[in-house]
Amino acid sequence: MSRQSLTKAHAKITELSWEPTFATPATRFGTDYTFEKAPKKDPLKQIMRSYFPMEEEKDNRVYGAMDGAIRGNMFRQVQQRWLEWQKLFLSIIPFPEISAARAMPMAIDAVPNPEIHNGLAVQMIDEVRHSTIQMNLKRLYMNNYIDPAGFDMTEKAFANNYAGTIGRQFGEGFITGDAITAANIYLTVVAETAFTNTLFVAMPDEAAANGDYLLPTVFHSVQSDESRHISNGYSILLMALADERNRPLLERDLRYAWWNNHCVVDAAIGTFIEYGTKDRRKDRESYAEMWRRWIYDDYYRSYLLPLEKYGLTIPHDLVEEAWNRITNKGYVHEVARFFATGWPVNYWRIDAMTDKDFEWFEGKYPGWYSKYGKWWENYNRLAYPGRNKPIAFEEVGYQYPHRCWTCMVPCLIREDMVTEKVDDQWRTYCSETCYWTDAVAFRGEYDGRPTPNMGRLTGFREWETLHHNKDLADIVQDLGYVRDDGKTLIGQPHLDLDDPKKLWTLDDVRGNTFMSPNVLLNEMSDAEREAHVAAYRANGTTAA
Amino acid sequence: MTETKQRSFPTIEFTDSEAGALEFPSSTSRAYNYYKPAKLRATMYEDVTVDVQPDPERHLSQGWIYGFGDGPGGYPKEWTAAESSNWHAFLDPNEEWDQTIYRNNSAVVHQVDLCLQNAKRARAYDSWNPAWLKFIERNLGAWMHAENGLALHVFTSIQRSGPTNMINTAVAVNAAHKMRFAQDLALFNLDLSEADVPFDGAAHKEVWHSAPEWQPTREVVERLTAVGDWCELLFATNIVFEQLVGSLFRTELVMQIAARNGDYITPTIVGTGEYDYDRDLGYTRNLFRLLTRDAEYGESNKALFGEWLTTWVPRCLDAAHALQPIWSQPAEKSVTFASSLDAAKQKFRSLLEDLGLDSPKELDQ
């Protein structure tokens, strides 16, 4: 279709909307934003007549590549270190995708612009595509990869795992609370515009380096839809900016959304890229380098900064602090160590790090070895059952961390942990911003104005609370993370499948009692708690 | 001479990580094991759909971690008055997922596109009589608004609210159908505007907004969009409105009389909407049959649906009756309003019977 035809077609399609006079659409999902003064902003033009064939063509390429991968025995050259992490990633990501579909009517309800409504409804179908195409990729992995355990229980594991819960924010955050906060700022303006770059571009690049060219095939196809979504988000953002009353809410939401995306996405994708790869070429980009390119330069400098011309205060401090956490405070390395500490309650296996890995990390993150090297050597030493407990229960100089009440990634940069009594409960936060999110932003009043539509933090937010004071073997069994012989754990702290004696069983982990840091914190006297928190915070040291 | 940068690339390593390379616990566990498929072997549809939307009553151990300002987050079952002892039992008989959505709709798009190209090549519109041109200009023009309104403010809206991924995805596909069909009608309208025939491409706006025969239909559509209960919205739209107004107009009028008025284009395009509705009625029927046959809630659901019928049947019948004048507009009047309405009512009764619901008395008046 020519550009002129497309313009005429789009103009005709806009004639389909009308101003209702008998009844107005129900406002199921409210917003505290106002669009009374908003100029109508036109998103990227898309009509169904060209949309469906375009997507079908993209699908044909994806499914053709999948056939080719199987015919070409791709799994002969896939790195297990890499594919094991896909058990976690691909258990999480279809939910955020389908949540994005479910979020679209929230934005439609909130924004009085029929031209955007069309774009949002097309995005809804895109997101159904993304969710199901990713589920299908995972199914292919399950069918063709050497170790299907973990893939085979994927959606159950996602729903009952501590890491799955972290990832679930990147989905529930799209569909709950203030419609604009959720479906526009958190989902589109930050998650899709900024962080899909690392999710769907940087990470697949690493997959290819590890012998897996299906992840890039599927996720680049997904990413090719994102430009339209970004356009939807930007149009709504500009409409919101037209009303001065929205400015404090926009600034609040940019702070929350940026920081939460950083906490969640950088934790996961940073770990997958840095600890899931076997590619240790010295000139291979580190996650920090990728982040600098994709997030700092492409998003922050090219997208966020220009918004200042509209008078919007950009969270420069939080962008810089995210960068600081990644480059100087060891954020990704701390997360990887935490995931590896928790290996018995994982549904994926985590490979040990070798001298080659150590050398690469030291080159990219000077000081890495002095802070993390010894721990990974211990991880390697304690990899097999029989003579030792799982590493979490051995003395290796690592204290099991407190959970951040807001982002649910643990408080791993220990000197930054905030401890406050909120809603009559002692809670820990990984950072001042996560504390602010719970105590200030997600409340019914913000900066002196009512914000009845803002969401609330709910649920059993500390995963450990559910399993407090239970035997580790019972926890693993309750979670269902046991292989089909009824005793061998799905999670293992190594990749050796060839010797059954090296595989941990329920009996090997029995006798270790698991305690919730938050339950214990709330049981302490004031003096005990202050001493405990001081010691916890002192245990954190900044990487040299 | 410029210096050539040393190329750097990852090395391939053969890892023998194929299925079957070793035997160990779970080495043959190659099926999703967290749900029970409807038949012995899981379908692709089930594998890519079931449990992707978590549920605290199934595996979601920490509950929903975000809530609304005035209530719980996630997908509360209280968002409808209908009840089920197992919402997860519903599976879409169309088994819609990525590939089916694009294959089916793309096939429709190609069909419509080819049809419109042929119409232009054959100058098909030249032979239409003025009365038929006017009929299409006004009535198909008005109807496309209804389709678009249902797409954006009924089906797109519902798919946020259903308690399972299977329900919400089926409804999302329904929304895509409606949007595509509405746009196809609009672009058909554009083609006619650009053809060398007396056709006012803008007339549809005034007809939809002001013509007396279309106002009750617009009123029902707008009232539908105002419904907060997602299940009532689906019931009122796909069970009642589509039967008594949608099918009345599309199936019992346009599809019956177009050919006799020298028009082989419109039935091809409207036929795609008919095909969509047939598929969409399929999932809707399955869902409501599940609810009326529910061992625990079947009877209370039937009573509830009876109330919904009491609300929506009179409104839709009013809309249907108001449309009566348009049966007289074409030059060739091969069906009467009475026979069309009888046919629509009969199919509606049959559908209600299939769901185990009593026909409302208004149908006999």
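The values are calculated or read from the model by the stated rules, or taken from the named source; none is laboratory data. Owing to the predicted nature of the structure, the values given are computational and were not obtained by experimental measurement. Quick reminder, even Gly has a Cβ in these numbers, built from the backbone with ideal geometry, and neighbours come from all protein chains shown. Side chains are part of the model used for accessible areas, which takes the heavy atoms of the whole protein and leaves out ligands, DNA and RNA. Shrake-Rupley method; radii C 1.70, N 1.55, O 1.52, S 1.80 Å.
Quick notes on this one:
- Considering the conditions (1) part of a helix (DSSP H, G or I); (2) over 24 Å from A:Q223 (Cα atoms); (3) modelled with pLDDT of 95 or more; (4) open to solvent by 20 Å² or more (accessible area, probe 1.4 Å), A:P344 is excluded by exactly one of them, (4).
- Within segment A:461-479, considering residues that are surrounded by 15 or more Cβ atoms within 10 Å (Cβ to Cβ) and assigned to a loop (DSSP other than H, G, I, E, B), the one farthest from the other protein chains (Cβ to nearest Cβ): A:H468
- The single residue among A:R284, A:R252, A:R280, A:R292 that is in contact with a Pro (Cβ under 8 Å, 6 or more places away or on another chain) and not aromatic (F, W, Y) turns out to be A:R284.
- When B:Y45 is tested against (1) closer than 30 Å to B:W308 by Cβ; (2) facing chain A (nearest Cβ under 7 Å); (3) not hydrophobic (A, V, I, L, M, F, W, C); (4) not in a loop (DSSP other than H, G, I, E, B), only condition (2) is not met.
- The helices (runs of 4 or more DSSP H) found entirely in segment B:210-320 that carry 2 or more residues being basic (K, R) are B:215-225, B:266-292.
- Residue match in segment A:180-193 (condition: more than 8 Å from chain B (Cβ to nearest Cβ) and surrounded by fewer than 24 Cβ atoms within 10 Å (Cβ to Cβ)): yes
- Test: residue in segment B:125-133 that is within 15 Å of B:D191 (Cβ to Cβ) and at the interface with chain A (Cβ under 7 Å from one of its Cβ atoms): no
- Count of segment B:304-353 residues, restricted to those that are under 20 Å from B:A81 (Cβ atoms) and open to solvent by 60 Å² or more (accessible area, probe 1.4 Å), is 3.
- The residues on offer are B:N118, B:N104, and the sole one that is at the interface with chain A (Cβ under 9 Å from one of its Cβ atoms), open to solvent by 10 Å² or more (accessible area, probe 1.4 Å) and not charged (D, E, K, R) is B:N104.
- Some residue of segment A:136-146 being assigned by the TED database to the domain that holds A:V335 and outside any helix (DSSP H, G or I): yes
- Filter pass, B:L40 being hydrophobic (A, V, I, L, M, F, W, C), free of Cβ contacts under 8 Å to residues at least 40 places away in the same chain and either more than 10 Å from chain A (Cβ to nearest Cβ) or within 23 Å of A:I166 (Cα to Cα) (or both): yes
- Looking only at segment A:87-117, residues that are of a type outside the set (A, V, I, L, M, F, W, C), more than 25 Å from the chain's Cα centre (by Cα) and open to solvent by less than 10 Å² (accessible area, probe 1.4 Å) come to 1 in all.
- Taking every residue in segment A:484-504 that is within 7 Å of chain B (Cβ to nearest Cβ) and pairing it with any residue that is open to solvent by 40 Å² or more (accessible area, probe 1.4 Å), at least 6 positions away or on another chain, the pairs with Cβ-Cβ distances below 7 Å are A:L497/B:L22; A:D498/B:L22.
- Only one entry in A:A159, A:A163 is free of Cβ contacts under 8 Å to residues at least 12 places away in the same chain, of a type in the set (A, V, I, L, M, F, W, C), in a helix (DSSP H, G or I) and more than 30 Å from A:M48 (Cα to Cα), namely A:A159.
- Unmet criterion (only one of (1) modelled with pLDDT of 95 or more; (2) farther than 30 Å from B:G228 by Cβ; (3) within 7 Å of chain A (Cβ to nearest Cβ)) for B:P54: (2)
- Take the conditions (1) within 16 Å of B:F135 (Cα to Cα); (2) surrounded by fewer than 18 Cβ atoms within 10 Å (Cβ to Cβ); (3) more than 11 Å from chain A (Cβ to nearest Cβ); B:F199 misses just one of them, which is (2).
- Of all residues in segment A:15-33, those that are surrounded by fewer than 16 Cβ atoms within 10 Å (Cβ to Cβ) and more than 7 Å from every other protein chain (Cβ to nearest Cβ) total 3.
- Residue match in segment A:318-332 (condition: at pLDDT below 95 and surrounded by 17 or more Cβ atoms within 10 Å (Cβ to Cβ)): no
- Across segment B:178-195, the qualifying residues are those that are in contact with a helix residue (DSSP H, G or I) (Cβ under 7 Å, 6 or more places away or on another chain) and open to solvent by 10 Å² or more (accessible area, probe 1.4 Å), and the one among them that is nearest to B:Q53 (Cα to Cα) is B:K178.
- Across segment A:380-395, the number of residues qualifying as open to solvent by 70 Å² or more (accessible area, probe 1.4 Å) and outside any loop (DSSP other than H, G, I, E, B) comes to 2.
Conditions (1) open to solvent by 20 Å² or more (accessible area, probe 1.4 Å); (2) within 9 Å of chain B (Cβ to nearest Cβ), marked per residue:
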| site | (1), (2) |
| --- | --- |
| A:K8 | yes, yes |
| A:K12 | no, yes |
| A:K45 | yes, no |
| A:Y51 | no, yes |
| A:G64 | yes, no |
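- Condition broken by B:A82, with the remaining ones in (1) open to solvent by 10 Å² or more (accessible area, probe 1.4 Å); (2) assigned to a loop (DSSP other than H, G, I, E, B); (3) away from every other protein chain (no Cβ under 11 Å) satisfied: (1)
- Filter pass, A:E84 being in contact with a helix residue (DSSP H, G or I) (Cβ under 9 Å, 6 or more places away or on another chain) and either surrounded by fewer than 19 Cβ atoms within 10 Å (Cβ to Cβ) or acidic (D, E) (or both): no
- Looking across segment B:1-37 at every residue that is facing chain A (nearest Cβ under 7 Å) and closer than 30 Å to B:S161 by Cβ, the one that is most open to solvent (accessible area, probe 1.4 Å) is identified as B:N33.
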